[in-house]
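Structure first, then comments.
Computed from the coordinates by the stated procedures, all read-outs in this text should not be read as laboratory data. All figures in this text were calculated on a predicted structure; none of them were measured in a lab. Note: ideal-geometry Cβ built from the backbone for every residue, glycine included; neighbour counts use all protein chains shown.
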Amino acid sequence: MVQIGFKSNRGVVRENNEDACFVIPGSDVYMVADGVGGNSSGEVASRTAVEKIAGFVNDNDIRECMTAEAIFGFLGDAVGVANREIYEMGKDNPRYRGMATTVVIAYLFRGEGYIANVGDSRAYVYRDGAMSRITKDHTYVNELIDKGVITEDEAESHRQKNVITKALGAEPSIAPDFYKLPLHSGDILLLCTDGLYGEVGEKRILQVLEERKTMNETCSDLVEMAIQAGGRDNITVVCVRI
């Protein structure tokens, strides 16, 4: 059994919400996307991503995948379908040219969490009073961190910290990163866009998760906290308690 909550808000500064989320409780699949592009095309990209991935999940039975390799192959195929759709839309329609989106997907199966991500939307797990980040951002500053050029603290204030290096729709094909982790009773799986962690930071997110409210209340509190901190970006959160 799981308890699910989700919330999305355009924030204080942005005129529209280019984030999207989708939950499929019957298949235990959850996702968050953060679109980029002018003329509201980021909004189109993020919604196309979650709709195409959800359609793939609904048309194909992920529960038939019995191994991690099969599950990640399934999620990779779903992301591929969405990527091709967004890429072709951008190529065929000048209004959508250059649009792209992040996506982070979680699938829960037999006590394990299977995560796929592209871009800088994140997955975290909260367990026993501590929170750990599961995913790795596909960003320019993260590449600098990996190469030892800058520290994580320096990355927080880097002028190019929001430059993503991988996104759905940017190239004809895409390869997500995959992660697998055990999940225990009481764990909370958190999926979010950078509008959350970029405003409030992980320590304050942890404080909210520790309050042990319902998942809808938790999502609402996280979004409100990001708004109160400035709300300079769209904010989207999905929380799943095991």
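A Cβ-based charge dipole, computed about the Cα centre of the stretch 3-241 with Lys and Arg at +1 and Asp and Glu at -1, lands at about 160 debye.
Across all Cα atoms of the chain, the radius of gyration (one decimal) and Dmax (whole number) stand at 16.9, 50 Å. The relative contact order of the chain comes to 29 percent, based on Cα pairs under 8 Å that sit 6 or more residues apart. Within the listed set 189, 144, 181, the residue fluctuating most in the Gaussian network model of the chain (springs between alpha-carbon atoms under 10 angstrom) is 144. For the stretch 117-242, the alpha carbon positions stretch 38, 33, 28 Å along the principal axes, listed from largest to smallest. Karplus-based coupling profile of the stretch 65-74, in residue order and whole Hz: 7, 9, 10, 4, 4, 5, 5, 5, x, 4, with θ = phi - 60° in 6.51 cos²θ - 1.76 cosθ + 1.60 and x standing for Gly or Pro. Which of 147, 52, 166 moves the most in a Gaussian network model of the chain with Cα springs under 10 Å? With Cα springs under 10 Å in the chain, the top fluctuation among 147, 52, 166 is at 147. Judged by the mean number of other Cβ atoms found within 10 Å, the most tightly packed of the peptides 110-116, 82-88, 236-242 leads the ranking 236-242, 82-88, 110-116. Could you please report the charge total around residue 52, scoring K, R as +1 and D, E as -1 over all other residues with beta-carbon less than 13 angstrom from its beta-carbon? In short, -3. All other residues whose Cβ lies under 13 angstrom from that of residue 111 are scored, Lys and Arg at +1 and Asp and Glu at -1, for a net of -1. Net charge of the neighbourhood of residue 74, taken over other residues with C-beta under 11 Å away and scored Lys/Arg +1, Asp/Glu -1, is -3. Across the options 238, 104, 149, the greatest Cα extent toward the positive end of the charge dipole of the chain (unit charges at beta carbon of Lys, Arg, Asp, Glu) belongs to 238.
Under the combined filter of DSSP loop state and at most 15 neighbouring Cβ atoms within 10 Å, the stretch 3-53 retains these GluC sites (Glu not before Pro): 15. Taking the chain as a Gaussian network of alpha-carbon nodes connected by springs under 10 Å, the highest mean-square fluctuation of the residues 73, 231, 26 belongs to 26.
Note that the stretch 1-81 shows a convex hull volume over its alpha carbon atoms of 100 Å³ per residue.
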